[in-house]
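Right, one structure below, let's go through it.
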Amino acid sequence: MIKTSTQNELIQYVYNELADDAREQLEVALMHDNELAEGCSDLLLIHHLLDGATRSPGDRAINNILNYSKSLSLQS
Amino acid sequence: MNTTTQLSDSALVSLYIAGNENAFEQLVNRHKNKVFTTILLIVKDTYIAEDLMQDAFIKAIHTMKSGRYNEEGKFSSWICRIAHNLAIDFFRKEKRSPMITLEDGSNVFNTLAFAADSAESLQIQEDTFARLRELIQTLPQSQREVLMMRHYADMSFQEIADATGVSINTALGRMRYALINLRKKMLKSNIAYDKNFYTE
């Protein structure tokens, strides 16, 4: 059973928010604890999938934004 | 070669305020997908999401050009928070609830762009990501909120804790349950879940 504090550290690890010393300790633990390593692997996979689920807006919307900014610059 | 591509967001903002439009274009291109996805996950309509994304960037333009931009925070968190607030405001004005129910996804979530690959694997990826976006909508609101703030709005867990009035451990716990629940839902839905398949 993984402790809640360690599970929270896994989340911080996946999102690169763990302090250096805590990260090193966790990485050592990952090498010796299969359950922990499996949990980490699952989180990293979901993290990767969430990146893929990002959508892109259409070019027209982006051009509208850029043109609006340029028009303001021309006015000033 | 564009000399602004390697600069930090903070440097790009400074250049833009000084009149460099290329710096702003770089900022927009760097953050457009996260801003757009943040809004789309709330409003679930591509056209409304594009309109609100334009409003978010225009608001950002006025803030930066008028010298009111606060350099203490991250640009990505700031622009995504503007986008998030505009999306929530949209629902308030429409008197609709942002609690989103499952839909078939046929018209909203159907045009993902992927790197070149076989048509079949592209279709599987597209279906997987579309289904994943639907599953995000089925998470409890507190979990969905943390997931969107951290993953798409790029806020730190401490910033999320401050913004939502909970401890950082509660924010981390909600995120943990959000990810675990998503994984369970994906397995239950028989969604392709193969580590090798998604390796870049």
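Numbers below:
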item: Accessible heavy-atom area order of B:Asp9, B:Asp51, highest first, probe of 1.4 Å; result: B:Asp51, B:Asp9
item: Across A:Lys3/B:Lys32; B:Lys59/B:Lys188; B:Lys59/B:Lys184; B:Lys34/B:Lys65, pairs whose alpha-carbon gap is larger than 31 Å; result: A:Lys3/B:Lys32; B:Lys59/B:Lys188; B:Lys59/B:Lys184
item: Estimated FRET transfer efficiency when R0 is 22 angstrom, pair A:Asp20-B:Asn169 (beta carbons, to 0.05); result: 0.60
item: In nm, spacing of pseudo-spin labels at B:Asn22 and B:Ile124 (7 Å Cα→C-beta vector); result: 4.3 nm
item: Debye, to nearest 20: dipole size of region B:1-98, +1 on Lys, Arg Cβ, -1 on Asp, Glu Cβ; result: 340 debye
item: Candidates A:Ile11, A:Ile65, A:Ile46: whichever shows maximal mean-square fluctuation once chain A is modelled as a Gaussian network with Cα springs under 10 Å; result: A:Ile65
item: Approximate spin-label separation A:Gln75-B:Ile48, in nm, with each point projected 7 Å along Cα-to-Cβ; result: 2.8 nm
item: Whole-angstrom gap from region B:8-69 to region B:126-165, using each part's C-alpha centre; result: 20 Å
item: Charge dipole of region B:1-98 about the Cα centre (unit charges at C-beta), most positive-ward option of B:Ala87, B:Gln54, B:Ser10; result: B:Ala87
item: Integer Hz, Karplus 6.51/-1.76/1.60 couplings in order for region B:12-22, x for Gly and Pro; result: 5, 4, 4, 4, 5, 4, 7, x, 8, 6, 4
item: Accessible-area ranking of A:His47, B:His151, A:His32, largest first, probe 1.4 Å; result: A:His32, A:His47, B:His151
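The values are calculated or read from the model by the stated rules, or taken from the named source; none is laboratory data. Keep in mind it's a predicted model, so treat the numbers as computed, not measured. Glycine gets a Cβ as well: all are built from the backbone with ideal geometry, and neighbour counts include every protein chain shown. Surface accessibility is based on the protein's heavy atoms, side chains included, excluding ligands, DNA and RNA. Shrake-Rupley method; radii C 1.70, N 1.55, O 1.52, S 1.80 Å.
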